[in-house]
Every structure is written in structure tokens, then in C-alpha cells.
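Trainee: Starting off with a structure, shown below.
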């Protein structure tokens with residue numbers, strides 16, 4: 001049967017064959033531009049347009065001096081909303097003359113060409129790592145980070161530890177450029193005396 005159909009198609013004049021090819025191309029193009037198909041639970045299928053494993057990026061200033069390094073286990077980019085998703089991101093401030101800051105999280109998201117990174121899940125910020133002075137650590141569930149502006153903020157609960165001092169608060173604004181930290185509400189400080 002298939003052989004008969006192919007024989008008839010080949011024996012047809014060139015114009016009807018061209019029309020048939022044009023119709024097939026139109027059908028394919030129509031399917032290509034349709035919105036994504038829904039899966040059984042009603043959620044649209046979403047596939048990344050590209051993925052990177054073992055991401056390592058260095059951001060430099062206009063003079064070529066490293067400002068920060070970004071590492072991630074995996075990066076996924078989605079073209080439908082121009083979002084980038086990071087698994088286990090780690091950002092290290094590398095700007096000369098500033099305290100080194102390391103930030104880790106379970107997940108990170110960057111939306112629509114914006115350089116702000118939404119970090120979530122076990123967010124940890126450490127300053128003065130490996131220095132003689134006391135290491136400062138901040139932990140929270142989510143943090144909005146502007147690496148180019150050297151700032152970070154959250155409206156979630158935070159815990160800051162430095163030496164024998166523990167600070168708990170809800171909400172924080174950090175500016176690494178000016179070394180100013182604003183605790184927004186419900187601040188509680190516990191200082192343990194050294195014996």
C-alpha cells in the first residue's frame with residue numbers, strides 16, 4: 001500500500017507535489033509555534049534551552065580586575081521567561097581592598113537579564129574567612145543579592161554569629177561597599193563573656 005502511494009506521488013505533476021510539501025511545512029510550522037502542551041496534571045511542560053554543569057564564572061570591572069567569582073553545580077536557563085536557575089550556587093567577593101565575602105545556598109534564580117540573584121535554602125554568608133579576626137557568619141532562608149552593587153537584603157529571619165556574639169533579627173540590609181548593616185526588626189543580641 002505504501003509503495004502504491006509513493007508511486008502515485010512520484011507520478012503526480014510537479015505543481016501538486018509542491019502544494020503537498022507546502023501544506024506539510026505549514027502544518028509543521030503551526031505545531032512549532034503552538035504553546036507548550038499540558039501534561040496530565042494541567043501544568044505546562046517546561047524544558048531548559050541550555051544547561052551547564054560545573055559552572056565557574058569570573059565577573060570583572062572595566063579595567064579587567066576580578067570583582068567576584070560565581071560557582072554552581074548546575075545552571076539551567078529557560079527562554080520562556082528568560083530565567084536562570086542555579087543549583088548549589090557559591091559566590092565569592094574577589095574585589096581588591098574589600099573583606100572577602102563567601103555566600104552559599106541550595107538554589108539561586110536570576111530573572112530577565114537582571115543581575116540580582118534570589119538565593120534560597122540554607123543561605124550562608126561568611127566574612128573574614130581565614131583571617132586573624134573573628135569570622136562572621138549570617139544564615140537565613142532567603143537572600144536577594146546584588147553582586148554588582150555589593151548589597152544584599154532579606155525580610156526573613158536571620159542569625160549572625162561573630163566570636164561569642166549571636167544576633168537574631170527579622171530582615172537585614174547589607175552593604176559590603178560601606179560595611180553598613182541594618183537589622184530591620186525583632187533584634188535580639190546574646191553576648192557570651194570569655195572566661
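Trainee: Roughly speaking, what is the stretch gain from residue 173 to residue 50, that is 0.36 nm per residue apart minus the C-alpha to C-alpha distance, in nm to one decimal?
Mentor: Working it through step by step, the gained length comes to 40.9 nm.
Trainee: When a/c reaches 1.5 or more, the comparison of a/b and b/c decides; with that in mind, is region 148-195 rounded, prolate or oblate per its Cα gyration tensor?
Mentor: oblate
Trainee: Right, something else. Provide the gained length on full extension for the span residue 77 to residue 134, in nm with one decimal, where the gain is 0.36 nm per separating residue minus the Cα-Cα distance.
Mentor: 16.7 nm
Trainee: Would you mind ranking 75, 51 so that the residue whose beta carbon has the fewest other beta carbons within 10 Å leads the list?
Mentor: 51, 75
Values quoted throughout were computed directly from the atomic coordinates according to the rules given, and no laboratory measurement underlies them. These numbers come from a predicted model, not from an experiment. Because the Cβ atoms are built from the backbone with ideal geometry, glycine has one as well, and the counts that use them run over all protein chains shown.
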